[in-house]
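Heads up: the structure comes next, in structure tokens.
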Amino acid sequence: MTNSKLNTHHSTFQQTLAAELGELKAQGLERRRRLLETPQGAHVTVDGRNYVAFCSNDYLGLAAHPALIEAAREGATRFGVGAGASHLILGHAAAHHELEQQLAAFVGLPRALLFSAGYLANIGVVTALVGREDAVFADRLNHASLNDAALLARAQFRRYPHLDLATLDRLLAGSAARRKLVLTDAVFSMDGDIAPVPELIALCERHDAWLLLDDAHGFGVLGRQGRGVLAHFEASSPRVIYMATLGKAAGVFGAFVAAQSEVIEWLLQRARSYVYTTATPPLLAHALQKSLGLIEHETWRRERLIELISVLKQTLISKRWRLMPSASAIQPLVIGTNKEAMAVSQALASDGLLVPAIRPPTVPLGTARLRISLSAGHEVRDVERLAIALNALQ
């Protein structure tokens, strides 16, 4: 191909992308990054202005905790900065090993395996455990990483309506797949509701299926001492594969999977997103050991969240918009159209309140919303201020 033809092809490609970007903007779906200039927290400086932020997954207010900062310094001194290799080559440091043991004990499962991110963990688990002869069953409101994992696995992919266990029961009963795997968020990231874990376990036991629980938004927040959704329901089963992230309530970075020993060993051998990824910096694993202690012992952080949820529900008056029935730190306020959701978010920002507008395809068409994320770092007056501002905008 001549240079002129290459240039013409390149130009056409750019023009196509430009047109598609313009269409995103016209539909109110364009996304822009803000520049955070302070540590993560309930009160931040963004793009040169001070805000009260309701847009972070730092549910326990640990991301900038002095004890974690000091632990990270200690970890850097002891282990250096970079891991330098994948876990199976020479990147598996003592800090990683100790953290895996502590995480397994914390959630009450035999063994745990660290991943570099929750997305990678879900991809690794699903693709390692199921393939073309198998079937995956997924809640329709699951996180994108679970859907992508199912597609990559090339298994039969069946989605059931949100929390519709009767439909899931029928799908499992009608499947002749070699291996069956049910995927579900534990706390749904855009609705804030909690999956009925005991009933899901019962279905999996009845139909010889496995259950992958993505507890990204429940770990550290739900259950006794923040031990997650299994502790919340006092549920257990050898069929459960439990995934949680460490960059939300835990305040640091990474993710882990906990399960029966044979499952974890298979993932260590065959989960491509584990085998072929550089390990996270061991200093972060060292800091996470301190984080686990804070999660376990500082119960006031979860008590503060419960109080703030109550304050929001009591103070916010739903006229045109609907606050969804969530008992978690995620409090979604459904607005409707993309344009109005963006306008409300922008009006709040002009008043010094940061609340993200969530639009399709993250949520279904016509359900654009404000995703209000509460943190133990918020004060009651912060939540009251937000509710009063929203009341005035309706």
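A short reminder: the numbers here are calculations on the coordinates, not readings from a lab. Keep in mind the model is a prediction, meaning the values are calculated, not measured. So basically every Cβ, Gly included, is an ideal-geometry build from the backbone, and we count neighbours across all protein chains shown.
Taking square-rooted eigenvalues a ≥ b ≥ c of the alpha carbon gyration tensor, is the range 125-208 rounded, prolate or oblate, where a/c under 1.5 means rounded and, failing that, a/b exceeding b/c means prolate?
It comes out oblate by the Cα gyration axes.
Take the alpha-carbon positions of the range 57-107, form their convex hull, and give its projected area averaged over all directions (one quarter of the hull surface) in nm².
The number I arrive at for the range 57-107 is 4.7 nm².
Can you run phi through the Karplus equation (6.51, -1.76, 1.60; θ = phi - 60°) for the range 209-225 and list ³J(HN,Hα) in whole Hz, with x for Gly and Pro?
Result, ordered by residue: 10, 9, 10, 9, 9, 9, 9, 4, 9, x, 4, x, 10, 8, x, 4, 6 Hz.
What nm distance separates the two modelled labels at residue 157 and residue 21, each placed 7 Å from Cα along Cα→Cβ?
2.8
Can you tell me which aspartates and glutamates have their Cα less than 15 Å from the Cα of residue 339? Leave out same-chain residues fewer than eight positions away.
23, 30
Given the Cα-Cα distance of residue 202 and residue 49 and 0.36 nm per residue of separation, how much length would full extension add, in nm?
Fully extending the segment from residue 202 to residue 49 adds 50.0 nm.
Hey, if you drop one equal point scatterer on each alpha-carbon of the range 235-394 and run the Debye formula without solvent, what base-10 log of I(q)/I(0) do you get at q = 0.19 Å⁻¹?
Here log10 of I(q) over I(0) equals -1.16.
Give me the percent relative contact order of the chain, please, defined on Cα pairs under 8 angstrom at least 6 residues apart.
22
Rounded to whole Å and ordered largest first, report the semi-axes of the equivalent ellipsoid of the chain derived from its Cα gyration tensor (root of 5λ).
Each semi-axis is the square root of five times an eigenvalue, giving 32, 28, 25 Å.
Ranked highest first by average number of other Cβ atoms within 10 Å, how do 264-273, 31-40 line up?
264-273, 31-40
Please state the charge dipole magnitude for the range 202-246, taken about the Cα centre, from unit charges on C-beta atoms (+1 on K and R, -1 on D and E), reported in debye and rounded to the nearest 20.
Working: 4 positive and 5 negative charges, 24 e Å.
Dipole size: approximately 120 debye.
Just how large is the dipole of the chain about the Cα centre, in debye to the nearest 20, putting +1 at every Lys and Arg Cβ and -1 at every Asp and Glu Cβ?
The calculation lands at about 840 debye.
Could you calculate the contour length gain from residue 78 to residue 94, that is, 0.36 nm times the residue separation minus the distance between their Cα atoms, to one decimal place in nm?
That works out to 4.7 nm of additional length.
Within the range 196-212, list the residues whose amide N lies under 18 Å from a label point set 7 Å along Cα→Cβ of residue 169.
Within reach of a label on residue 169: 196-210.
If the reach is capped at under 22 angstrom between alpha carbons, list the lysines near residue 248, excluding any in the same chain fewer than eight residues apart.
Counting by Cα, and skipping residues close in sequence, residue 248 has these lysines nearby: 290.
When the helix-only estimate is applied to the chain (DSSP H runs of n ≥ 4, each -39,500 (n - 2.57), divided by the residue count), what is the mean residue ellipticity at 222 nm, nearest 500 deg cm²/dmol?
Taking each H run of at least 4 residues, the total per residue is -13500 deg cm²/dmol.
At 0.36 nm per residue, minus the direct Cα-Cα distance, what do residue 70 and residue 384 gain on full extension? Give it in nm, one decimal, please.
Between residue 70 and residue 384, full extension yields 109.7 nm more.
Can you figure out the FRET efficiency of residue 13 with residue 178, using R₀ = 35 Å and their beta-carbon distance, to the nearest 0.05?
0.25
Just tell me which lysines come within less than 17 Å, Cα to Cα, of residue 313; anything on the same chain fewer than 8 places away is out.
Within reach: none.
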